[in-house]
Amino acid sequence: MQTNSACHHFLEHCRLERNLSKHSLRAYATDLADFRRFLERHPESDSSVLECNREHIRAFLQYLFDERGLKETSVKRRMACLKSMFRWLETEEIITASPFRYLDLKIRLPKRLPCSLSVRELNNLFYAPTRALGLRSVEIYDFEELPEDLSGRAFNHLTTLLALELLFATGIRVGELVAIKHEHVDRYEGVIHIRGKGDRDRKVYIADTELIKLIVTYAILRSLRSPKNDTLLINSRGGSATTQFIRKLIREAGEAAKFPRRITPHMLRHSCATHLLEAGVDIRFVQRLLGHHSIATTQIYTHVSDRILKEVICSANTRGRLFSKKYG
């Protein structure tokens, strides 16, 4: 079987049998396209998956680092995708053994702390769409000041505000945010049902009455603009909001707030976790909220919270108190 055919059939298996999300399928297709390009640019590497061996895999790894100049995370993702395809080919008995079998590939990832926003930065970020809407307060929203016939631009500012609030309050991913439908939101119980990675369902909770008020107001105004659309967030033309659209809105909010760095939706997810841990919330609850399969993933946020730990330790000044006492 030629590599192009193998990649096609593997992607169909992922779509039909594994029921992967569109986002995952796009990522897999991108990763496999890199492998096909590698084979095309290196004719000495056989284009048949039947002939692929460990040396081809090692050469592909070197190609990703040296010629493509990819980061460790991107390389590791591509190798994981390729390994998954060859495992499937082996299971289907198309190949005798995967070239990854007994292959020891260790790609060390650099330790990067997640980028979270401070309280002041979050205030400035939330204030950007609030100010653009003409609202006077961030702490308490007065939506009576908003007209029902919002302009397209003003409606996008309202979408920005709700997206910011939900991302920070719940820690959901941007893909999970745009997938929320009206039926998923229980404003009376303050619960939103989320379909996360790997089709795992979880609940996130809205404890703030102002955020619930914002959701209700947005639902009313969006129904006037797009009554037949069942997704919670929409664009100014009435279509369902996409991840690219939300990223654009949040980036523009950051620019309006004069941030020196680019603001992304994932920063709000990081901020949610960091601020919850700094507030004393048990890490196991944060794990469930974020939808992490392993608590080890959640533990990266404890390093960010070390700043608070240092402040507490310094303020305690135990050594200073020890030697200030008089011993008889």
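The values are calculated or read from the model by the stated rules, or taken from the named source; none is laboratory data. Remember, predicted model here, so these are calculated numbers, not experimental data. Here the Cβ is made from the backbone with ideal geometry for all residues, glycine too, and neighbour counts use every protein chain on show.
The table for this structure:
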read-out	value
Filtered residues of the range 211-245 (kept if under 30 Å from Phe285 (Cβ atoms) and surrounded by fewer than 14 Cβ atoms within 10 Å (Cβ to Cβ))	Val216
Options Glu17, Glu90: the member that is farther than 29 Å from Thr243 by Cα and of a type in the set (Asp, Glu)	Glu90
Tally of residues being within 15 Å of Leu177 (Cβ to Cβ) and part of a loop (DSSP other than H, G, I, E, B) across the range 264-291	2
Condition check for Tyr102: of a type in the set (Ser, Thr, Tyr) and assigned to a helix (DSSP H, G or I)	no
Hits in the range 266-285 - residues which are crowded, with 20+ Cβ neighbours inside 10 Å and modelled with pLDDT of 85 or more	Met267, Leu268, Arg269, His270, Ser271, Cys272, Ala273, Thr274, His275
Residue, surrounded by the most Cβ atoms within 10 Å (Cβ to Cβ), within the range 162-199, restricted to residues that are in a loop (DSSP other than H, G, I, E, B) and on the phi < 0 side of the Ramachandran plot	Ile172
Any hit, the range 34-53, residues being within 30 Å of Glu176 (Cβ to Cβ), modelled with pLDDT under 95 and either in the same structural domain as Asp199 (by TED's automatic domain parsing) or surrounded by 13 or more Cβ atoms within 10 Å (Cβ to Cβ) (or both)	yes
Selection from the range 60-93 of residues that are among the hydrophobic types (A, V, I, L, M, F, W, C) and surrounded by 16 or more Cβ atoms within 10 Å (Cβ to Cβ)	Phe60, Leu61, Leu64, Leu70, Val75, Met79, Cys81, Leu82, Met85, Phe86, Trp88, Leu89
Test: residue in the range 33-47 that is of a type in the set (Gly, Ala, Ser) and closer than 30 Å to Val174 by Cα	yes
Arg77 vs. criteria modelled with pLDDT of 90 or more and on the phi < 0 side of the Ramachandran plot	yes
Members of the range 211-243 found to be part of a helix (DSSP H, G or I), more than 15 Å from Leu167 (Cα to Cα) and not small (Gly, Ala, Ser), listed by number	Lys213, Val216, Thr217, Tyr218, Ile220, Leu221, Arg222, Leu224, Arg225
